[in-house]
1. Whole-Hz ³J(HN,Hα) for each residue in segment 12-17, computed from phi via Karplus 6.51 cos²θ - 1.76 cosθ + 1.60 with θ = phi - 60°, x for glycine and proline: what do you get?
2. Amide H neighbours of residue 28 under 5 Å, at least 5 residues apart or on other chains, H built in the peptide plane: list them.
3. Given points 7 Å out from each Cα along the Cα-Cβ axis, report the residue 57 to residue 74 separation in nanometres with one decimal.
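Just so you know, all these numbers are worked out from the coordinates, no wet-lab data involved. As the structure is a prediction and not an experimental result, all values here were calculated from the model. We place every Cβ from the backbone using ideal geometry, glycine too, and count neighbours over all the protein chains shown.
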Amino acid sequence: ESFRKITVSTQSDSQALSIRIADSGSGINPKLEKRLFEPFVTDKPSGHGLGLSVSRHICIEHGGELRCLSKPGTGAVFEFSLPIYPVKVSREREKIDVTHPSS
């Protein structure tokens, strides 16, 4: 029985948080790699091909990005980053105010 190894790592600075997820699988099919984030693109028999497209859209809408690095035979690495915004929490009203840098 073969086990896949998944490694999750994080990195941050004052501007952004990055999360990197790497596996030890077979990597991304080179024929799919350029279209990986398009809707309805999948090589999974039970997949709909929407997960990566939706995830990338969410990252972009929040000012971040999602990318994939893959080398066939050595696994895939997905990395997403999101900007860090100052957050003010008012305990008396239990309200969260997110202050965007453009405000």
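1. 8, 9, 6, 9, 8, 10
2. Amide H to amide H, under 5 Å and 5 or more residues apart or across chains, residue 28 pairs with 71.
3. In this crude label model, residue 57 to residue 74 measures out at 3.3 nm.
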